[in-house]
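The values are calculated or read from the model by the stated rules, or taken from the named source; none is laboratory data. Bear in mind the structure is a predicted one, so any value in this text is a computation, not a measurement. Cβ atoms come from the backbone with ideal geometry, glycine included; neighbour counts cover every protein chain shown. Accessible surface is based on the protein model in full, side chains and every heavy atom, while ligands, DNA and RNA are left aside. Shrake-Rupley method; radii C 1.70, N 1.55, O 1.52, S 1.80 Å.
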Amino acid sequence: MTPPARTLVTGATGAVGSAVLRRLADAGHDVYGVSSRGGSAPRQFAWRIGAEEPPRELRGPWDLVVHCAANTRWNLSARRAERDNVAPLRALLDRTGPRTHFIHMSSSYAIGLTGSVEPTEVEAYRNTYEWSKATAERLLTAERPDVDIVRFPIVMGARPDGALERYSGFFWLASALCTGAVPALVGEEKAYLDLVSTDDVAGYVGELAAGGAPAAPRLSVLGGGDGALQVGETFDIALDALNTWRAERGVGPLLRLPFVGTEQWNRFYLPFAQEYLDRAQLLRVTAFQAYQSYLSMTEPFEATHQVGDITSTLYRSVRRWADLHPETATRIPQPWRP
Ligand SMILES: NC(=O)c1ccc[n+]([C@@H]2O[C@H](COP(=O)([O-])OP(=O)(O)OC[C@H]3O[C@@H](n4cnc5c(N)ncnc54)[C@H](OP(=O)(O)O)[C@@H]3O)[C@@H](O)[C@H]2O)c1
């Protein structure tokens with residue numbers, strides 16, 4: 001009988017890493033989790049990878065490493081993005097031998113504005129997060145012939161109940177709908193907004209782990225591809241989920257926000273906003289600008305592994321977010337006036 005694979009999951013307290021860790025543990029792996037601050041579950045260790053030595057329990061060798069740790073913020077300096085998303089990868093590679101199957105979590109958006117991870121300059125990407133994810137992919141393909149790189153788009157919760165360990169970027173939009181933080185949705189109603197469930201990612205990592213390391217770098221892209229939801233559909237589903245949740249609690253419905261094209265927003269609304277809005281309003285509008293190009297993608301990602309319909313998972317994930325953020329989800333948005 002072969003012993004269970006000794007497996008390290010980094011970023012194990014995060015949205016993706018926690019689902020991956022559960023899936024591999026269920027499949028019989030001997031799993032250890034690591035995150036910067038550590039977790040409360042057994043065998044969840046604290047290790048700031050790239051910044052300090054690992055605790056004794058986390059010294060190798062490993063049969064499998066699934067690298068989910070990252071700083072996913074979009075507004076980091078290039079130096080900080082390098083430090084948080086590339087230096088930890090280097091440190092891990094230095095500690096894993098040729099017999100370790102290395103599975104790296106990347107993002108569909110790592111191909112930036114040019115459709116490729118090859119450009120080295122920051123300007124080829126929407127932000128330093130994308131740039132650092134592309135840098136990490138280039139480093140891996142240069143140094144690890146047997147690496148698995150898995151790209152995927154925005155992550156929703158588990159398929160059965162929408163459960164998600166952590167709520168990031170996308171859910172700021174749900175919050176913005178409830179608080180009235182933004183006056184309009186800037187983007188293209190018919191653009192693609194690709195979403196996957198943590199179950200899709202964790203299940204696929206489980207399949208890769210069972211199959212073993214490839215002979216040459218292998219890139220997988222998960223997503224809906226050309227079957228992905230459109231931006232308008234996504235917001236309608238999210239709004240439906242929020243309004244049903246609110247109605248069950250006797251709270252009035254949120255109105256559908258109008259869509260404003262990017263060009264129109266930048267040429268007409270933004271100059272007006274800069275002149276007339278107060279500082280708090282302007283800060284929210286500026287934060288919202290980071291989403292524009294993500295809501296305007298008219299070309300779908302080319303998925304090598306198409307995931308199932310995401311509609312009910314999106315609905316459940318938004319409801320779940322509301323369950324956990326009742327104060328925000330029951331807010332009555334204030335009308336926007338300068
Ligand atoms: N969420 C998405 O929509 C999405 C979409 C596409 C790709 N991805 C990719 O999927 C991966 C996981 O993302 P996520 O959404 O699960 O992120 P997340 O929820 O923000 O979790 C990040 C995890 O990484 C840990 N971490 C960060 N830096 C670390 C370091 N230097 N050493 C040790 N642990 C560190 C964090 O620990 P602490 O909390 O203790 O700091 C946390 O456990 C990332 O590679 C991300 O780029 C995510």
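So for the stretch 6-144, averaging the separation of alpha carbon pairs under 8 Å that are six or more residues apart and normalising by length, what relative contact order in percent results?
After rounding, I find 21 percent.
What is the diffusion coefficient of the chain in µm²/s, taking the Kirkwood radius over Cα pairs and the Stokes-Einstein relation at 37 °C with a viscosity of 0.692 mPa s?
156
State the Cα centre-to-centre distance between the stretch 168-234 and the stretch 306-335 in whole Å.
First find each Cα centre; the distance between them is then 15 Å.
Please state the relative contact order of the stretch 101-148 as a whole percent: Cα pairs under 8 Å, 6+ residues apart?
Averaging sequence separation for qualifying contacts and normalising by length gives 44 percent for the stretch 101-148.
Long-range amide H contacts for VAL186: which residues qualify at under 5 Å (H placed 1.01 Å from N, peptide plane, sequence gap of 5 or more or a different chain)?
Answer set, sorted by chain and number: VAL260.
For SER197, which sequence-distant residues (separation of 5 or more, or a different chain) have an amide H within less than 5 Å of its own amide H, given hydrogens modelled in the peptide plane?
MET156
Quick one: Karplus J couplings for the stretch 89-96, per residue in order, coefficients 6.51, -1.76, 1.60, θ = phi - 60°, nearest Hz, x for Gly and Pro?
5, 4, 4, 5, 4, 5, 9, 10
Using each residue's phi in the stretch 291-308, evaluate 6.51 cos²θ - 1.76 cosθ + 1.60 at θ = phi - 60° and report the 3J(HN,Hα) Karplus result to the nearest Hz, with x for Gly and Pro.
8, 3, 6, 6, 9, 10, 8, 8, 9, x, 5, 8, 8, 7, 9, 7, 8, x
Once you put a point 7 Å from the Cα of ALA216 and another 7 Å from the Cα of ASP26, both along the Cβ direction, what distance in nm separates them?
Going by the 7 Å Cα→Cβ label model, 3.4 nm.
Counting only helical runs of four or more DSSP H residues, what would the 222 nm mean residue ellipticity of the chain come to if each run contributes -39,500 (n - 2.57) and the total is spread over all its residues?
-11000 deg cm²/dmol
Starting from the Kirkwood radius over alpha-carbon pairs of the stretch 253-338, derive D by Stokes-Einstein at 25 °C in a medium of 0.890 mPa s and give it in µm² s⁻¹.
Taking Rh from Cα pairs, D becomes 151 µm²/s.
Across 10 Å bins from the origin, how do the percents of Cα pairs in the stretch 6-144 run, short distances first?
12, 43, 33, 11, 0
Which ³J(HN,Hα) values in Hz, rounded to whole numbers, follow from the phi angles of the stretch 160-176 under the Karplus curve 6.51 cos²θ - 1.76 cosθ + 1.60, where θ = phi - 60° and Gly and Pro get x?
Working through the residues one at a time gives x, 9, x, 5, 9, 5, 9, 10, 10, x, 4, 6, 4, 5, 4, 5, 5 Hz.
Show me, bin by bin at 5 Å from 0, the whole-percent P(r) of the stretch 1-54 based on Cα pairs.
5, 21, 31, 21, 13, 6, 2, 0
Determine the sum of side-chain charges near GLY97: Lys and Arg each +1, Asp and Glu each -1, restricted to other residues whose C-beta is under 14 angstrom from that of GLY97.
Charge balance near GLY97 sits at +1.
Once ligands and nucleic acids are excluded and a 1.4 Å probe is used, how much of GLU123 is accessible, expressed in Å² to the nearest 10?
About 140 Å², rounded to the nearest 10.
Quick one: check the C-alpha center-to-center distance for the stretch 19-87 versus the stretch 105-150, whole angstrom.
Cα centres, the stretch 19-87 to the stretch 105-150: 19 Å.
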